[in-house]
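The structure appears right after this line, and notes come after that.
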Amino acid sequence: MEKIDILKADRDYLWHPYTQHATAPAPVAIVRGEGALLWAEDGTEFIDAIASWWVNPFGHSNRYIADAIYKQLTTLEHVLFGGFTHEPAARLATRLMEILPANQIKLFFSDNGSTAVEVAIKASLQYWYNKGIKKTVIVAFEDAFHGDTFAAMAASGISLYTQAFNGMFIEVRRIPVPVAGREQESFDALAKALAPGDVAAFIFEPLVLGAAGMVMYAPGSLDRLIDICRENEVLAIADEVMTGFGKTGKIFACDHLSRQPDMMCLSKALTGGTIPMAITTFTQQIFDGFFSDDINKALFHGHTFTANPTGCAAALASLDILGRAETSQNIERIAARHREFASELQGHPRIRAVRSLGVIFALDLATDGKQEYYGTLRNRLYDFFISQGIILRPAGSTIYILPPYIITDAQLDKIYEAVRMALQKIG
Ligand SMILES: *Cc1c(COP(=O)(O)O)cnc(C)c1O
């Protein structure tokens, strides 16, 4: 192949996500990845401390997953899922049934986290419509993030992502996250939001709000919120797109709960960070709400690449790795090291709060006033970490770490040291 000037072609033709091209610096051209490491064209090495937007638990260019993908690609790469089915989907469904909360009994495939949420929200609205009950409102957390398609965006509360579209959304009521000290306020707000009787579903990121800056709250509080939904006949949708597949120390964040949601949204680590794929899961009750002689009651939603066999094969290989004792040990090792680092930083004069759960670590810098999500402090921090060969993308004044599970202790040490240095140098 002829050599290509990547940055020139990028500059000429490409439009990047969440990027203001008038002011953004040139992107880094990555040419190779292995384990927790990525290499740029000029040989610069980076530690991928956020698992490439939280998708990659088992390392880049993972051989085991790649072999499974190759085998599937050369057996049956794709077939339409309308009127047809296939072994990889059947196997993946069977495998997921073993690990999902017991009440989740049906899977619906789509392509990414946003579509998984889109399917859940549409299904919740149509569930009530099919019953002839008028429930058209969704409840979500302040600062929630559920994706960038329209219903998912409506449920999201980060204004930078949604402000241009205000007034064009389905109706969403917001309640505060039940972070320590605000639990009762959150419970009361939910009860109040549900009181008019017009709410179809409450959608939430269980235990950790990722894009909000890894905001964490207790399982008991979520149990209580789900109870309030049950008392009001409102469906509970757990968006596990970020938290799923081990991030919180259990396979799903919902595994920390005593209650179970009515629907779950899965994507990101589902295929080990290799192929875009998503799944929305449902209870029998919801499936039955669409089960009828009437074609109009069917869920009229689908995507061309639904249940792509190659994606299913990648997900099956990922679940193999997730099930290995070595993977659990790695998650526990990272969780213990994060806890140690959190207690070291406890009381640091530059830190307002520090927290960790599973492989997720986060600290909020003590700053004057609210920092912009992509503001100057955030950009200085980002640039500093890049200069240290570490990929971290702070959200506003929150620095978080979410490494692949195969990260080594030495690589973790380097990340922690860069965070210590940033605390010293970057004001
Ligand atoms: C990333 C994310 C999404 C959106 O997923 P995409 O694949 O980017 O569309 C939805 N919900 C949560 C909780 C996420 O973290």
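The values are calculated or read from the model by the stated rules, or taken from the named source; none is laboratory data. Computed from a predicted model, the values in this text were never measured in an experiment. Note: ideal-geometry Cβ built from the backbone for every residue, glycine included; neighbour counts use all protein chains shown. We work out accessible area using only protein heavy atoms, side chains counted, and drop any ligands, DNA or RNA first. Shrake-Rupley method; radii C 1.70, N 1.55, O 1.52, S 1.80 Å.
Please give the charge dipole size of the chain, origin at the Cα centre, charges +1 on K and R Cβ atoms and -1 on D and E Cβ atoms. Round to the nearest 20 debye.
Working: 38 positive and 47 negative charges, 86 e Å.
Roughly 420 debye, rounded to the nearest 20.
Quick one: Debye curve from the C-alpha atoms of the stretch 280-358, no solvent, what's log10 I(q)/I(0) at q = 0.12, 0.17, 0.21 Å⁻¹?
Values returned for q = 0.12, 0.17, 0.21 Å⁻¹ are -0.72, -0.86, -0.99.
Could you point to the residue in Gly33, Trp53, His78 farthest towards the positive end of the stretch 21-90's charge dipole, with +1 and -1 charges on the Cβ of Lys/Arg and Asp/Glu respectively?
Final value for the positive-end residue is His78.
Indicate the gyration tensor shape class of the stretch 2-54 (rounded, prolate or oblate), computed on the Cα atoms with a ≥ b ≥ c the square roots of the eigenvalues: a/c under 1.5 is rounded; otherwise a/b larger than b/c is prolate and the rest oblate.
Numbers: a/c = 2.38, a/b = 1.28, b/c = 1.86.
Taking the square roots of the gyration eigenvalues as a ≥ b ≥ c, the stretch 2-54 is oblate.
Could you tell me how far the Cα centroid of the stretch 214-271 sits from the Cα centroid of the stretch 313-363, in Å?
Comparing the Cα centres of the stretch 313-363 and the stretch 214-271, I get a distance of 18 Å.
Run the numbers on the stretch 177-259 and let me know its relative contact order in percent, using alpha-carbon pairs under 8 Å that are six or more apart. Numbers along the way, then the final one.
Details: 100 pairs, mean separation 26.6, N = 83.
It rounds to 32 percent for the stretch 177-259.
Where only protein heavy atoms count, and the probe is 1.4 Å, what is the accessible area per residue for the chain in Å²?
Per residue, the chain has 46 Å² of solvent-accessible surface.
Could you calculate, for the stretch 141-287, the ratio of the Cα radius of gyration to the Kirkwood radius, expressed as Rg to Rh?
Values: Rg = 14.7 Å, Rh = 15.7 Å.
Across the stretch 141-287, the Cα-based Rg/Rh ratio is 0.94.
Report the convex hull volume per residue for the stretch 276-427, counting only C-alpha atoms, in Å³. Don't skip to the answer; put the middle values down first.
Numbers: hull volume 30.4 nm³, N = 152.
Looking at the stretch 276-427, the number lands at 200 Å³ per residue.
Arrange the peptides 264-271, 307-314, 230-237, 296-303 so that the one whose residues have, on average, the most other Cβ atoms within 10 Å appears first. Each step should come with its number before you reach the end.
Values: 264-271: 28.0, 307-314: 25.5, 230-237: 19.9, 296-303: 13.9.
In decreasing order of mean packing, 264-271, 307-314, 230-237, 296-303 become 264-271, 307-314, 230-237, 296-303.
Could you list, in their original order, any pairs among Lys122/Lys268; Lys71/Lys268; Lys71/Lys106; Lys8/Lys247; Lys192/Lys250; Lys106/Lys247 whose Cα atoms are separated by more than 29 Å? Could the numbers behind the result be given before it?
Values: Lys122/Lys268 21 Å; Lys71/Lys268 22 Å; Lys71/Lys106 27 Å; Lys8/Lys247 37 Å; Lys192/Lys250 32 Å; Lys106/Lys247 23 Å.
Result: Lys8/Lys247; Lys192/Lys250 exceed 29 Å.
DSSP H helices in the chain with Cα extent of 20 Å or more along the helix axis and mean Kyte-Doolittle hydropathy at least -1.0? Please list the in-between numbers first.
Details: long enough: 113-131 (27 Å, -0.13); 325-345 (30 Å, -0.82); 409-425 (24 Å, -0.44).
The qualifying helices are 113-131, 325-345, 409-425.
Would you mind pulling out the separation of the Cα centroids of the stretch 88-147 and the stretch 1-52, in Å?
Cα centroid of the stretch 88-147 versus Cα centroid of the stretch 1-52: 34 Å apart.
If I build a Gaussian network model for the chain, linking alpha-carbon pairs within less than 10 angstrom, which residue out of Ile390, Ile133, Ile69 has the largest mean-square fluctuation?
Ile133
Taking the Cα centre of the stretch 202-340 as the origin, how large is its charge dipole in debye, to the nearest 20, when only Lys and Arg (+1) and Asp and Glu (-1) carry charge on their Cβ atoms? Can you show the working numbers first?
Values: 11 positive and 16 negative charges, 117 e Å.
For this selection, approximately 560 debye.
Using a 1.4 Å probe on the protein heavy atoms, what percent of the accessible area of the stretch 59-137 belongs to carbon and sulfur?
Values: 2400 of 4190 Å².
So the carbon and sulfur contribution to the accessible surface is 57 percent.
Over all directions, how big on average is the projection of the convex hull of the alpha-carbon atoms in the stretch 110-192, in square nanometres? Numbers along the way, then the final one.
Working: hull surface 25.8 nm².
So the Cα hull casts an average projection of 6.5 nm².
How far apart, in nm, are the 7 Å Cα→Cβ label points at Leu160 and Ala180?
For the pair Leu160/Ala180, the computed spacing is 2.7 nm.
Would you calculate the separation in nanometres between label points at Ser292 and Lys3, each defined as 7 Å from the Cα along the Cα-to-beta-carbon direction?
Those two pseudo-labels are separated by 6.4 nm.
Counting alpha carbon pairs within less than 8 Å and at least 6 residues apart, what relative contact order, in whole percent, applies to the stretch 16-165?
Numbers: 110 pairs, mean separation 16.2, N = 150.
Dividing the mean separation by the residue count of the stretch 16-165 yields 11 percent.
Measure off 7 Å from each Cα along the Cα-to-Cβ vector at Ala40 and Ser387, then give the distance between these two points in nanometres to one decimal.
Going from the Ala40 label point to the Ser387 one covers 1.3 nm.
What percent do you get for the relative contact order of the chain when only Cα pairs under 8 Å and 6+ apart count? List each step's numbers first, then the result.
On the way: 778 pairs, mean separation 88.0, N = 427.
Relative contact order comes out at 21 percent.
Could you size up the charge dipole of the stretch 1-95 around its Cα centre, putting +1 on the beta carbon of Lys and Arg and -1 on that of Asp and Glu, and report it in debye to the nearest 20? Walk me through the numbers before you get to the answer.
Details: 8 positive and 12 negative charges, 77 e Å.
Dipole of the stretch 1-95, to the nearest 20 debye: 360 debye.
Say a paramagnetic label sat at a point 7 Å from the Cα of Asp368, along Cα to Cβ; which residues of the stretch 383-427 have their backbone N under 11 Å from it?
Counting only backbone N, you get no residues.
Given the C-alpha atoms of the stretch 243-327, compute the convex hull and give its volume per residue in Å³. The partial results should precede the final answer.
On the way: hull volume 9.8 nm³, N = 85.
Hull volume normalised by residue count: 115 Å³.
Heavy atoms only, probe 1.4 Å: what % of the accessible area of the stretch 310-359 goes to carbon and sulfur, would you let me know? Write down the numbers at each step before the final one.
Working: 1090 of 2250 Å².
The computed percentage sits at 48.
Eigenvalues of the Cα gyration tensor times 5, then square-rooted: what semi-axes does that give for the stretch 4-120, in whole angstrom, largest first? Spell out each step's value before the answer.
On the way: eigenvalues 230, 72, 57 Å².
Ellipsoid semi-axes (Å, largest first): 34, 19, 17.
Over all pairs of distinct alpha carbons, what does the Kirkwood formula give as the hydrodynamic radius of the chain, in Å? Intermediate results must be reported in sequence, preceding the final value.
Working: mean 1/r = 0.0443 Å⁻¹.
Averaging 1/r across every pair of different Cα atoms and inverting gives 22.6 Å.
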